[in-house]
Amino acid sequence: MRTPVFELHIRPMFRATDKAHMGFAVDLWEYDDVVANADDILERLQSDMPPTGTGGLWPEEWITLFKRWKDGARKRLDLGTAAFTLQQTAAKTTITATGTFPAADVEGWLQLESETDTSKTYVLYFEAPDTPVGGTPQLFTLKESYPSTDTRSVFIHSSSGTQQLH
Ligand code: HEM
């Protein structure tokens, strides 16, 4: 069964309004905060959070997923390290990330993290295998494309911070 991962399966269950209202006690979008308060969060999810009239309780499957993550490895992703380029053709714009994974069997990808009317931010994620394997770390070339009619600025969020690519 797929191991639940904070950035992929847990954080997306918390809405912006949940993060905003709970900021006085816990930042629901921050891994360390959610880990530190995981037992209390589960207890509230099973009783009264999110409150009736503001969306109401989660479906049982979501609570079970949170519990499985909390009781398991509490897995998370890492920000990746790479060199980035941006190529434009008449049809599409392509962001390319190249580098070497930090260990064997690590997977990596670029994904859109946020966007505004004038800019988009992509994040480079690495996911380690559940059980470390020996072997030689692989070189990678990761690409993400979008129609060239989209002329917004592009930012990349990686282990080096956030840099503007275009
Ligand atoms: C550590 C566990 C938690 C505690 C102690 C807690 C406590 C509280 C308290 C005291 C309030 C009332 C204050 C206010 O409205 O700003 C509140 C509101 C709220 N909580 Fe939590 N909460 C917890 C977890 C959660 C979680 C996990 C979610 C979402 C998944 C959530 C969603 C909300 C929302 C949406 C409101 C606003 C309700 C409104 O607008 O009336 N809370 N919480």
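Since every read-out is calculated from the coordinates, none of them should be taken as a lab result. Model, not experiment: these values are computed from the prediction. Cβ placement follows ideal geometry from the backbone for every residue including glycine, while neighbour counts extend to all protein chains displayed.
Using Cα springs under 10 Å in a Gaussian network model of the chain, which residue among Ala90, Ala73, Ala20 shows the largest mean-square fluctuation?
Ala90
For Pro132, what charge total do you get from the other residues with a beta carbon under 15 Å from its beta carbon, if Lys and Arg give +1 and Asp and Glu give -1?
Neighbourhood net charge equals -4.
Expected output is a single nm value to one decimal: the length gained when fully extending between Met1 and Ser153, i.e. 0.36 nm times separation in residues minus the C-alpha distance. What is it?
Length gained, Met1 through Ser153: 50.9 nm.
Summing +1 for each Lys or Arg and -1 for each Asp or Glu, what net charge is found among the other residues whose Cβ lies under 9 Å from the Cβ of Val5?
+1
Using Cα springs under 10 Å in a Gaussian network model of the chain, which residue among Asp27, Asp78, Asp117 shows the largest mean-square fluctuation?
Comparing Asp27, Asp78, Asp117 in a Gaussian network model of the chain, the most mobile one is Asp117.
List the extent of the Cα atoms of the stretch 6-71 along each of their three principal axes, largest first, rounded to whole Å.
28, 25, 20
Mind pulling the angle between the C-alpha long axis of helix 60-71 and the longest principal axis of the chain? Nearest 10 degrees, somewhere in 0 to 90.
With rounding to tens, the tilt is 80 degrees.
What is the list of residues in the stretch 100-114 whose amide nitrogen lies under 14 Å from a point 7 angstrom out from the Cα of Lys143, following Cα to Cβ?
Once the point is set 7 Å along Cα→Cβ of Lys143, 110 turn out to lie under 14 Å by backbone N, inside the stretch 100-114.
Please express the shape of the chain as an equivalent ellipsoid: the semi-axes are the square roots of 5 times the eigenvalues of the C-alpha gyration tensor, given largest first in whole angstrom.
Semi-axis lengths for the chain are 33, 22, 12 Å.
Taking the Cα centre of the stretch 6-71 as the origin, how large is its charge dipole in debye, to the nearest 20, when only Lys and Arg (+1) and Asp and Glu (-1) carry charge on their Cβ atoms?
Here the stretch 6-71 has a charge dipole of around 200 debye.
Given a Förster radius of 22 Å and the C-beta distance between Asp117 and Leu65 as r, what FRET efficiency does 1/(1 + (r/R0)^6) yield to the nearest 0.05?
With R0 = 22 Å, the Cβ-Cβ based efficiency is 0.05.
Looking only at Gly99, Gly108, Gly80, which one moves most when the chain is put into a Gaussian network model with springs between Cα atoms under 10 Å?
Greatest mean-square fluctuation among the candidates belongs to Gly99.
Let me check I've understood the local charge: for Asp18, count other residues with C-beta under 12 angstrom from its C-beta, Lys and Arg +1, Asp and Glu -1. What total comes out?
Computed value for this residue: +3.
I'd like to know how the stretch 78-164 sits against the 2.2 N^0.38 Å rule of thumb: what's its Cα Rg over that expected value?
1.17
Under a plain spin-label model, where a point goes 7 Å from the Cα along Cα-to-Cβ, how far apart in nm are His166 and Ala104?
3.7 nm
Pulled fully out, how much extra length does the chain show between Ala90 and Val35, if you take 0.36 nm times their separation in residues and subtract their Cα-Cα distance?
In short, 15.2 nm is gained.
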